[in-house]
Amino acid sequence: MNQTLSTFLKLGITALAIAILLFGVAYNMTDREVGEYKTKIESVSNQLPTSSQNN
């Protein structure tokens with residue numbers, strides 16, 4: 001019983017650690033990509049001509 005519980009807890013902790021690691025990597029990668037995309041969009045937006053008329 002103790003060996004089974006110990007093995008189960010080891011596997012559970014390992015799986016949890018892997019999931020947290022993968023989530024952290026994916027979150028950082030997504031955050032970096034969003035920042036790069038935002039920079040591109042802002043540079044394109046700044047190059048658009050401005051309108052002198054208000055509609």
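The residues of the chain have, on average, 102 Å² of accessible surface per residue, using a 1.4 Å probe with all protein chains present. Helix-only arithmetic for the chain: the sum of -39500 (n - 2.57) across DSSP H runs with n ≥ 4, divided by the residue total, places the mean residue ellipticity at 222 nm at -31000 deg cm²/dmol. Computed from Cα positions, the angle between helix 2-47 and the longest principal axis of the chain comes to roughly 10 degrees.
The values are calculated or read from the model by the stated rules, or taken from the named source; none is laboratory data. Quantities reported herein were computed from a predicted structural model and do not represent experimental measurements. Areas reflect the complete protein model, heavy atoms only, side chains present, ligands, DNA and RNA absent. Shrake-Rupley method; radii C 1.70, N 1.55, O 1.52, S 1.80 Å.
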